[in-house]
1. State all residues of region 182-216 that are under 21 Å from the mean Cα position of the chain (by Cα) and hydrophobic (A, V, I, L, M, F, W, C); if no residue qualifies, say none.
2. Return the residue satisfying two criteria in turn: it lies in region 30-85 and is in a helix (DSSP H, G or I), surrounded by fewer than 18 Cβ atoms within 10 Å (Cβ to Cβ) and small (Gly, Ala, Ser), and of such residues it is modelled with the lowest pLDDT.
3. So is residue 78 free of Cβ contacts under 8 Å to residues at least 60 places away in the same chain, farther than 30 Å from residue 195 by Cα and basic (Lys, Arg) or not?
4. State which residue is surrounded by the fewest Cβ atoms within 10 Å (Cβ to Cβ) when the search covers only region 223-240 and only residues that are in contact with a helix residue (DSSP H, G or I) (Cβ under 9 Å, 6 or more places away or on another chain) and free of Cβ contacts under 8 Å to residues at least 12 places away in the same chain.
5. Restricting attention to helices (runs of 4 or more DSSP H) lying wholly within region 88-206, give those where 1 or more residues are within 20 Å of residue 59 (Cα to Cα) and either assigned by TED's automatic domain parsing to the domain that holds residue 255 or free of Cβ contacts under 8 Å to residues at least 60 places away in the same chain (or both).
Amino acid sequence: MFSVVRGYNIPIIALAQYLSAIFIMAPEKRALSVILDFNLFIIVLASSLTIASGYIINNFYDSKKDLINRPNKSKIDRLVSQRTKLQVYFTINFVIVLLALLVSFRAVLFFSVYIFLIWFYSHKLKKYPIIGNLTAAFLAVLPFFAVLLYYKNLYPQIFAHASFLCLLILIREMIKDLENIKGDIANDYKTIPVKFGEEFTKKIITGLTVLTIFPVYLLVEIYDVGYMDIYFYVSLIILIFFLLLLWKAENKTQYLQLHIILKFLIVSGVFCIVLIDPQVLIHGKTLLKI
C-alpha cells in the first residue's frame, strides 16, 4: 500500500506546504506560530491524504498500463487487491471531509472538489492529449492554493513561483508520456506522443522549457527572492543541459533520466524556499498598499 500511495512523495509535498507558508504566503508571521497553527496542520494533513487517495485511484485505473510501463512496481502494487484499493480510497476520502469540517465549510468544499477532480482526471482526462497534461499540472499545485486561500496573502511573487512550478510539472508530465508510450498505445491512451509523435512532443517540451525564463526573470530581476535566485540560475543551466539530452533521447531509459532531472529540480526547489528572505515579501506588500 505504501507503494500504491507513493508514500515517499507525500512528506515532500507536506514540507513544501509548510515552507511555502512560512517563507512565501505568511512571511509576516513567526515561523513557530505557523508551525503550531492547528488549522494549517489540518489543511496540510487533508492535502496529504487527498494526494494519497489520488494515487490510489490513479493506480486502480492504470493497473493494466503499469504492467507494461512499470512491471516491477506493478508486481508490488498487485499484492493489494483492486477491492482493497477502493475500500481504502473511500475511507480516506471520508476522513478528509471530516478533517476539513474542523477548519471550515469552505475547506470541505475545496477538498471535495479536489477529490472529484483527481478522480475525473484518473478516470477520463488523462487519456486525452494536452488537457490531461494541463489538468495533471493544475492538480499538482492545488495543495498550495489551499494554503494560499487560508492566509489570503496575494503576493505577486506567489504567482511567479506557481508559474515556474507549473511549467516544470507540465514538462515532467510530457516526459512521462514519452517514457510510457508503449503502455499508452496498448491501452488506447491518446497522449501527445501517441497522437502526434515523439518529435512534435519534444518541440512542445522545448517551448515550455523556454517559457520558464519569464517567471525566473520576474523572480530574480523584478521581485527580490533573497538567495533563492541562486536556485533559479542553476535551474536554467540544468534546463539547458536537459534540452540537449532531450533531443538525443530515444528510449525509455533515457526518458527516465530526464524525468529524474526534473524531479530533482522540483524537490530541490522545495528545500531552497528557505533561502527566501521573508522581510523582502513583507516590504513588497507594504509598497503595494502604498
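The values are calculated or read from the model by the stated rules, or taken from the named source; none is laboratory data. None of these values were measured; they are calculated from a predicted model. Note that each Cβ is placed from the backbone with ideal geometry, even for glycine, and that neighbours are counted across all protein chains shown.
1. 192, 204, 205, 208, 210, 211, 213, 214, 216
2. Only one residue tops the list, namely 63.
3. On the way: free of Cβ contacts under 8 Å to residues at least 60 places away in the same chain: yes; farther than 30 Å from residue 195 by Cα: no; basic (Lys, Arg): yes.
So residue 78 does not fit the description; no.
4. So in region 223-240, the residues in contact with a helix residue (DSSP H, G or I) (Cβ under 9 Å, 6 or more places away or on another chain) come out as 223-236, 238-240.
With free of Cβ contacts under 8 Å to residues at least 12 places away in the same chain added as a condition, the list becomes 229, 234, 240.
Numbers: 229: 18, 234: 13, 240: 10.
Filtering region 223-240 for residues that are in contact with a helix residue (DSSP H, G or I) (Cβ under 9 Å, 6 or more places away or on another chain) and free of Cβ contacts under 8 Å to residues at least 12 places away in the same chain, the one surrounded by the fewest Cβ atoms within 10 Å (Cβ to Cβ) comes out as 240.
5. Details: elements: 105-123, 131-151, 156-179, 181-186, 192-196.
Per the criteria, 105-123, 131-151, 156-179, 181-186.
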